[in-house]
Amino acid sequence: MSLTAGAASNTPGGQRLLVPTVFLTFAIAVANTTSGAIAQPEIADAFGAGAADVGATVFGYSTTFAIMTAVYGALARRFGLGRCLTVGVVLVAVGAGVAVLSVSLPMLVAARVLQGFGAGAIPTLTMALISRRLSGPARARALGINVAAVGMGFAGGPLVGGLLLEAFGWRGAMALGLLVAPAALLFPRLAPEPGDREAPLDLPGIALLAVGVGGLILLINRVPVLGLGPPIVATVAATALALGLLVVRSRGHRAPALPLAELADPVLRRAMLLGYVGQTAFFGILILAPIVAARVHGVGGFRLGLLLLPMALVIAMVSPRNGRLADRIGRRATTGISLTGIGLAAAFLAWQGAGAPLTVLEGGLLVAGLGFGLLGAPLVNEVSGRFPDDRRSIALGIYNLAFFLGSASGGAIATGFVQGGLEVEPFAGRVLPGASTGLIVLATLPLVVLLFDRLRPAAGPALVVAD
């Protein structure tokens with residue numbers, strides 16, 4: 001039965017549907033993040049909430065997105081690739097519908113978290129679908145188009161989100177995820193195989209991973225707001241317990257949610273760290289920009305989308321070409337330029353302050369976008385070339401977990417410092433308390449990590465991971 005279904009999915013009609021379906025689904029998932037970012041000021045006004053509280057609509061989405069990116073591979077082996085992709089896009093669409101209808105901030109945050117659970121299927125499983133269905137030059141072209149979808153999502157998200165924000169308010173911006181719904185009808189046809197019900201699946205490990213990672217992001221966001229009181233101490237204890245149990249469980253499971261064997265590889269750990277800090281700094285800038293523009297400069301609606309558009313276009317142009325630059329000057333040099341650009345952009349914006357003209361903010365965003373556009377491919381290629389075929393997808397899943405957690409961390413840092421109003425000299429007394437301090441933290445992370453990375457020796461040969 002599965003052979004017949006698989007043959008049907010490889011018909012010319014099915015092949016023609018594959019690339020545009022994957023492209024549009026991926027682009028909308030990325031655009032959903034930036035659209036949510038520019039809606040933050042209006043959501044804050046609607047519910048009378050602080051920046052860190054409203055920021056949960058963005059970093060809550062990013063946290064569950066990151067976690068599920070790492071575990072959907074195992075779910076697809078058990079339940080089938082097409083079925084998991086279908087569930088993923090349905091959750092994104094349903095979450096968007098609930099977000100539009102939300103009558104409270106907790107309801108809106110829950111809707112965005114639900115979307116993240118679904119959206120995590122898209123980067124992991126669309127890549128797997130392309131690799132399974134296509135080969136040779138067709139596969140290479142399709143994977144390149146998939147990378148371009150990320151750029152298109154970043155470019156289109158602020159523009160479409162800004163238009164929806166202008167026309168319908170924050171509920172319009174939240175509705176963008178509804179556009180993925182038609183893909184739920186197509187993925188079962190493109191990947192109809194049922195999966196292997198005997199494939200190992202570490203559900204308790206996945207739950208522990210979610211609690212541990214979610215606790216870490218919550219701490220990053222709430223410590224600047226609440227200080228070190230009893231709620232924070234309790235969260236630290238619960239997070240440490242979950243992560244400790246996860247490590248213990250992973251030692252004895254044949255397909256653990258946290259694969260410790262791959263984590264032992266120094267190249268993977270380095271890529272995870274560099275990807276994480278780069279994404280953290282970039283996404284923190286991306287989250288802070290609409291807050292600064294709205295609160296300090298009175299910018300709203302479509303103009304917020306236009307503020308982010310030049311940065312997004314730079315990402316769209318640079319991202320598909322960063323592999324060529326890495327081949328020319330080396331992966332390590334490309335990553336160095338990327339992290340330096342993002343870090344310096346955050347430092348420049350911190351120095352200028354939230355009261356600087358909007359052109360200054362746009363210039364900082366452009367530099368950050370250029371750095372971010374160079375970030376992904378060198379690290380992904382390094383991890384891909386480090387592991388054999390049977391372990392590559394596991395290693396890439398762990399890398400993606402760290403990388404996308406950077407989105408959650410950046411949003412948590414940026415909004416936490418603004419709501420907490422934390423200030424340090426010489427940035428005290430500025431027009432938006434906490435903004436410059438948060439940017440200094442965001443700038444420090446990639447620059448310090450990059451410095452230590454340059455001082456450490458190169459990694460040795462790849463580890464041989466036994467089954």
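Each value in this text was obtained by applying a stated rule to the coordinates, not by laboratory testing. Remember, it's a predicted structure, so these values are computed and weren't measured experimentally. Here the Cβ is made from the backbone with ideal geometry for all residues, glycine too, and neighbour counts use every protein chain on show.
For the stretch 199-294, what mean projected area does the convex hull of the alpha carbons give, in nm²? Can you show the working numbers first?
Values: hull surface 32.9 nm².
Answer in nm², one decimal: 8.2.
Label Glu198 and Ile329 with points 7 Å out from Cα along Cα→Cβ: what is the distance between them in nm?
Going from the Glu198 label point to the Ile329 one covers 5.2 nm.
To the nearest 10 degrees, how steep is helix 12-38 against the longest Cα principal axis of the chain, on a 0 to 90 scale?
20 degrees
Return the Rg/Rh ratio of the chain with Cα-based radii and a Kirkwood Rh.
On the way: Rg = 21.2 Å, Rh = 22.3 Å.
Rg divided by Rh gives 0.95.
Mind giving me the nanometre distance, one decimal, between the label points for Leu358 and Met107, set 7 Å out from Cα along Cα→Cβ?
Label-label distance for Leu358 and Met107, simple model: 3.3 nm.
Convex hull over the alpha-carbon atoms of the stretch 53-152: what's its volume per residue in Å³?
Details: hull volume 9.6 nm³, N = 100.
So the per-residue Cα hull volume is 96 Å³.
Using only the alpha carbon atoms of the stretch 1-190, find the Kirkwood hydrodynamic radius as the inverse mean reciprocal pair distance, in angstroms to one decimal. List each step's numbers first, then the result.
Numbers: mean 1/r = 0.0595 Å⁻¹.
It works out to 16.8 Å.
Test of understanding: what is the full-extension gain from Val233 to Arg321, defined as 0.36 nm times their sequence separation minus their Cα-Cα distance? It would help to have the intermediate numbers written out before the result.
On the way: separation 88, 0.36 × 88 = 31.68 nm, distance 4.56 nm.
Gain in length upon complete extension: 27.1 nm.
What is the angle, in °, between the Cα long axis of helix 331-352 and the longest principal axis of the Cα atoms in the chain? Nearest 10 is fine, range 0 to 90.
It is inclined by approximately 30 degrees.
Please compute the length gained on full extension between Ala148 and Phe168, using 0.36 nm multiplied by the number of residues separating them and subtracting their Cα-Cα distance.
On the way: separation 20, 0.36 × 20 = 7.20 nm, distance 2.87 nm.
Gain on stretching Ala148 to Phe168: 4.3 nm.
Of the listed peptides 161-174, 126-139, 399-412, what is their order by residue-averaged count of other C-beta atoms within 10 Å, with the highest listed first?
Averaged packing, sorted descending, gives the order 399-412, 161-174, 126-139.
Could you quote the convex hull projected area for the stretch 290-367, Cα atoms only and averaged over all directions, in nm²? Write out the running numbers ahead of the final one.
Details: hull surface 21.5 nm².
One quarter of the hull surface, i.e. the mean projection, equals 5.4 nm².
Pick out, from Gly363, Ile342, Gly421, the residue whose Cα sits farthest towards the positive end of the charge dipole of the stretch 330-421, with +1 on the Cβ of Lys and Arg and -1 on the Cβ of Asp and Glu.
Result: Ile342, furthest along the dipole toward the positive end.
Can you list, bin by bin at 5 Å, the percent of alpha carbon pairs in the stretch 259-457, starting at 0?
Binned Cα distances yield the sequence 1, 8, 16, 19, 19, 14, 10, 7, 4, 2, 0, 0.
Just grab the label-to-label distance for Ala261 and Leu241, each label 7 Å out from Cα along the Cβ direction, in nm (one decimal).
That separation, rounded to one decimal, is 3.2 nm.
Compute the long axis of helix 376-386 from its Cα atoms, compare it with the longest principal axis of the Cα atoms of the chain, and write down the angle in degrees, 0 to 90, nearest 10.
40 degrees
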